[in-house]
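Trainee: My questions will all concern the structure given below.
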Amino acid sequence: MAALRKVLVRPELGAVTAAIGVFVFFAIVAGSRGFLTTQGTVNYLEVGAEHGILAVSVALLMIAGEFDLSIGSMIGAAGMIIAIPVTKFGWPPWLAILVAFAFSLVVGYLNGWLVVRTRLPSFIITLASLYLLRGFTFGLTIALLNYTRASGMGAFLSGDPLVAIFSGAPLGLKISIWWWAGLTLVLGWVLFRTPYGNWIFAAGGDALAARNVGVPVARVKISLFMLTAATATLLATIQVIDTGSTDVLRGELAELEAIAAAVIGGNLLTGGYGSVLGATVGALILGMVQQGIFYTNIDTNWYKAVLGAMLLAAVLLNNYLRYQALRSR
Amino acid sequence: MAIIELKDVTKSFGRVNALRGISIKIDAGEVHCLLGDNGAGKSTLIKILSGVHKPTQGQYEFDGKPVELSSPREALDMGIATVFQDLAMLPLMSITRNFFLGREPKKALGPVEVFDSGKASKITNEELNKIGIEIRDPDQAVGTLSGGERQAVAIARAVYFGARVLILDEPTSALGVKEAAVVLKYIVQAKTKGIGVIFITHNVHHAWAVGDTFTVLNRGSSYGTFKKAELTREKLLQMMAGGEELEELAVELDLIAKRDPSEVGKLEHRVAEELDRETHPKQ
Ligand SMILES: Nc1ncnc2c1ncn2[C@@H]1O[C@H](COP(=O)(O)OP(=O)(O)OP(=O)(O)O)[C@@H](O)[C@H]1O
Ligand SMILES: [Mg+2]
């Protein structure tokens, strides 16, 4: 009974249940149309990875009590920071990639610093960065290229030392899936097994109480804003190498889907509670639904409605489970 | 010698004078009760003691040497542990994680240091058992504990980390009679370990039950510090009610007397009854 209770109060319980439900649903409805094939599985894992790489870092930030709405714009900006210097100025890709990551860390630091210093909601601060980053990406790209797209990366990639870790498909699974799995393991471990992880919970649970016992709340939050910006850049790098091109609109709304995945995964919107594994399962659900609909006869445009319904159901379920967690004795 | 001494301390927030000319001493192995009405400045005083605020004027001495604390962590490292009124624990975090928050035990795992959760759970269990609390599972959320149990965990934590001064801001105010009694017991336990306890309360009966020394604040000023032998419960109650209120009452009585003399007797009787009930509650 005690063991059962322990399982019941895990934050990812709702998400795991939902993931099984979604899988069974599409296995029945679309199993004969390819959902259950290896290719079908690889496909939804790939879509899941796109959400998951962001969602795991967004989950940590959310547990620490903050949001980052600027990661979608960060994807667009990072893509251009890599593609334009390589295709137009002849930089080696590794240099452009390093510059993009450095830039994202600076943006993340500024986001975090502003939130900590002004004590304004991170929703507002990062909404401003969302527009700033997207606007600058648009303006500078058009000024430099005259287009809103940068393409032709493919010709410059071979032999580059950094490109290798952002491309390919070891064991038949795209590199993004491996990054997703790796980040889940590492960040999940950090959250539950290190003092820093304890501080993440504390920063979101009650920042003042945490500070009073000596938790460096500001440092924890700023470092997590840097992490979310960096994972956005990771995704942008993988995509720009994979497709050889990028667009100023790349990553639009990705920030909201990442938040949705984290919330479906049992992460508390107001901080202090959640799990990395939950966010990963949430991302997997988004992947399965997105690809699953594709295999049915249903028009894929219904995806957003399904997402909305799932989000609502997840919040209600998680609310109930959390109530149980606090009641269980 | 006193562990902590404040000398003529003043604290202003802009134009609000929360404290004026406060001097106070905390000795080892005593329970020093800090009493006063809402807004008297009790929380402000202990926030100065615990490093949250710096005094606007006056001196803070620790072991006889002047110090300037710039964070609660600094105070904590010196052995001044505080259980704040508005925030004791993080309800969604486990008891163990709360217990060790900010001072996590670490073990080496290859090249990296990780949170030693096994050790943390074991110590938490032991320490809580020591003060007589049975926790079924130290990994359950603190939110599942009662108010008294939370106070107990916070006190056990302070004692475990070697506090020399333990500051408790209204630990009994939100509790029922039984739970309050249990917390009072922990206070005495801490005192017998040689810890200097600062116990803030509105409740004269709680203070009287465990206190050795009493300081009463009123609107930022001190009525003075008294040993238990110099006081009676009634005197303490009177000081807490504050001269202010008594004056107001006198004016009120006067007004009524002018309007309707027959009412005065009834009112006086009622006030006497009220005071009596406060002093000798039927529990
Ligand atoms: N950070 C602050 N900024 C401005 N004024 C403050 C601040 N903290 C306290 N005060 C003021 O100082 C006065 C004393 O407040 P304090 O919280 O110390 O009272 P208290 O004795 O603890 O009261 P209570 O019994 O209600 O807890 C109050 O008038 C309060 O409004
Ligand atoms: Mg107070």
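The values are calculated or read from the model by the stated rules, or taken from the named source; none is laboratory data. Given the structure is predicted, the values throughout are model-derived calculations rather than measurements. All Cβ positions, even for glycine, are placed from backbone atoms using ideal geometry, and neighbour counts span all protein chains on display. Heads up: the accessible areas ignore ligands, DNA and RNA and are worked out on the full protein's heavy atoms, side chains in. Shrake-Rupley method; radii C 1.70, N 1.55, O 1.52, S 1.80 Å.
Trainee: Pairwise over distinct Cα atoms, reciprocal of the mean inverse distance: report the Kirkwood radius of segment B:1-98 in Å, one decimal place.
Mentor: That comes to 14.5 Å for segment B:1-98.
Trainee: Still on this structure, I have one more. Per-residue mean of other chain beta-carbon atoms within 10 angstrom of the beta-carbon, peptide A:191-199?
Mentor: Per-residue shielding by partner chains comes out at 6.
Trainee: In sequence order, what are the phi-derived ³J(HN,Hα) couplings for segment A:66-76 according to the Karplus relation 6.51 cos²θ - 1.76 cosθ + 1.60 with θ = phi - 60°, rounded to whole Hz, with x for glycine and proline?
Mentor: 10, 10, 10, 7, 8, 5, x, 5, 4, 4, x
Trainee: I'd like the Karplus ³J(HN,Hα) series for segment A:138-150: coefficients 6.51, -1.76, 1.60, θ = phi - 60°, whole numbers in Hz, and an x wherever there's a Gly or Pro.
Mentor: Whole-Hz 3J(HN,Hα) from phi for segment A:138-150: 4, x, 5, 4, 5, 4, 8, 10, 6, 10, 9, 10, 10.
Trainee: Once you place label points 7 Å from the Cα toward the Cβ at B:Asp8 and B:Ser146, how far apart are they in nm?
Mentor: Here the modelled spin labels are 4.8 nm apart.
Trainee: If each of B:Lys122 and B:Ser173 carries a label point 7 Å out from its Cα toward its Cβ, how far apart are those two points in nm?
Mentor: Each label point lies 7 Å from its Cα, and together they span 4.0 nm.
Trainee: Using a probe radius of 1.4 Å on protein heavy atoms only, what is the accessible area buried between chains B and A, both sides summed, to the nearest 100 Å²?
Mentor: Using a 1.4 Å probe on protein heavy atoms, the buried area is about 2400 Å².
Trainee: Working from the alpha-carbon coordinates of chain A, get Rg over Rh, Rh being the Kirkwood radius.
Mentor: Result: Rg/Rh = 0.98.
Trainee: For A:Leu249 paired with A:Arg117, estimate the spin-label separation in nm (one decimal), with each label point 7 Å from Cα along the Cα-to-Cβ line.
Mentor: That separation, rounded to one decimal, is 3.5 nm.
Trainee: What number in nm² do you get for the protein assembly as shown if you take the convex hull of its Cα atoms and divide its surface by four?
Mentor: About 36.9 nm², averaged over all directions.
Trainee: Between A:Tyr147 and A:Leu36, how high is the FRET efficiency from 1/(1 + (r/R0)^6) when r is the Cβ-Cβ distance and R₀ = 25 Å? Nearest 0.05.
Mentor: Efficiency, from the Cβ-Cβ distance: 0.05.
Trainee: Right, something else. What residues have an amide H closer than 5 Å to that of B:Asp37, excluding those fewer than 5 places away on the same chain, when H is modeled at 1.01 Å from N in the peptide plane?
Mentor: For B:Asp37, the qualifying residues are B:Arg219.
Trainee: Any chance you could check the Cα centroid distance between segment B:171-227 and segment A:269-292 for me, in angstrom?
Mentor: Distance between centres, Cα-based: 48 Å.
Trainee: Something else: List the residues, sorted by chain then number, that are 5 or more residues from B:Leu109 or on another chain and whose placed amide H is less than 5 Å from its amide H.
Mentor: Result for B:Leu109 returns B:Val114.
Trainee: If you don't mind, there's one more thing I want to ask. Considering only Cα-Cα distances, which of the following residue pairs are longer than 32 Å: B:Lys65/B:Lys178; A:Lys174/B:Lys119; B:Lys7/B:Lys191?
Mentor: B:Lys65/B:Lys178; A:Lys174/B:Lys119
Trainee: Another question about this same structure. Along its three principal axes, how long is segment A:274-329 when you only count alpha carbons? Whole Å, largest extent first please.
Mentor: 48, 19, 13
Trainee: Using a 1.4 Å probe on the protein heavy atoms, what percent of the accessible area of segment B:1-85 belongs to carbon and sulfur?
Mentor: The nonpolar share, carbon plus sulfur, comes to 44 percent.
Trainee: Binning at 5 angstrom from zero up to the longest distance, how are the C-alpha pair distances of segment B:4-241 distributed in percent?
Mentor: Calculated over all Cα pairs of segment B:4-241, the distribution is 1, 6, 14, 17, 19, 16, 12, 8, 4, 2, 1, 0, 0 percent.
Trainee: Compute the distance from the alpha-carbon center of segment B:1-59 to that of segment A:48-101, in whole Å.
Mentor: 50 Å
Trainee: Whenever you get a sec, compute what percent of the accessible area on segment B:125-229 sits on carbon and sulfur atoms (1.4 Å probe).
Mentor: 52 percent
Trainee: Go through segment B:137-143 residue by residue and turn each phi into a ³J(HN,Hα) via Karplus (6.51, -1.76, 1.60, θ = phi - 60°); whole Hz please, and just put x for glycine and proline.
Mentor: Per-residue couplings from phi come out as 8, x, 8, 6, 5, 4, x Hz.
Trainee: Using only the Cα atoms, work out Rg/Rh for segment A:210-329, with Rh taken as the Kirkwood radius, to two decimals.
Mentor: Checking Rg against Rh, the ratio lands at 1.04.
Trainee: Okay, moving on. Determine how large the accessible area of B:Asp63 is when every protein chain is in place; take a 1.4 Å probe and give Å² rounded to the nearest 10.
Mentor: Per-residue accessible area (B:Asp63): approximately 50 Å².
Trainee: Given a Förster distance of 35 Å, report the FRET efficiency between A:Leu312 and A:Trp178 from their Cβ-Cβ distance, rounded to the nearest 0.05.
Mentor: 0.60
Trainee: For segment A:1-126, what number results from the quotient of the Cα radius of gyration and 2.2 N^0.38 Å?
Mentor: The value comes to 1.48.
Trainee: Here's a follow-up. How much accessible surface does A:Thr37 have with a 1.4 Å probe, in Å² rounded to 10?
Mentor: 70 Å²
Trainee: On to the next question. So which chymotrypsin sites (Phe, Trp or Tyr not before Pro) in segment A:98-186 are both in a DSSP loop and have at most 10 other Cβ atoms within 10 Å of their Cβ?
Mentor: Those that pass, being in a loop and sparsely packed, number zero.
Trainee: Please give the per residue accessible area of segment B:22-141, computed with a probe of 1.4 Å over protein heavy atoms only, in Å².
Mentor: With all protein chains present, segment B:22-141 gives 43 Å² per residue.
Trainee: Let me ask another. Can you sort B:Lys191, B:Lys178 by solvent-accessible area, 1.4 Å probe, largest first?
Mentor: Descending accessible area places them as B:Lys178, B:Lys191.
Trainee: Moving on. From the protein chains alone at 1.4 Å, what is the descending order of accessible area for B:His202, A:His51, largest first?
Mentor: Accessible-area ranking of B:His202, A:His51, largest first: B:His202, A:His51.
Trainee: Hey, got the average number of other protein chain Cβ atoms within 10 angstrom for residues in B:94-106?
Mentor: Whole-number average of other-chain Cβ neighbours for B:94-106 is 4.
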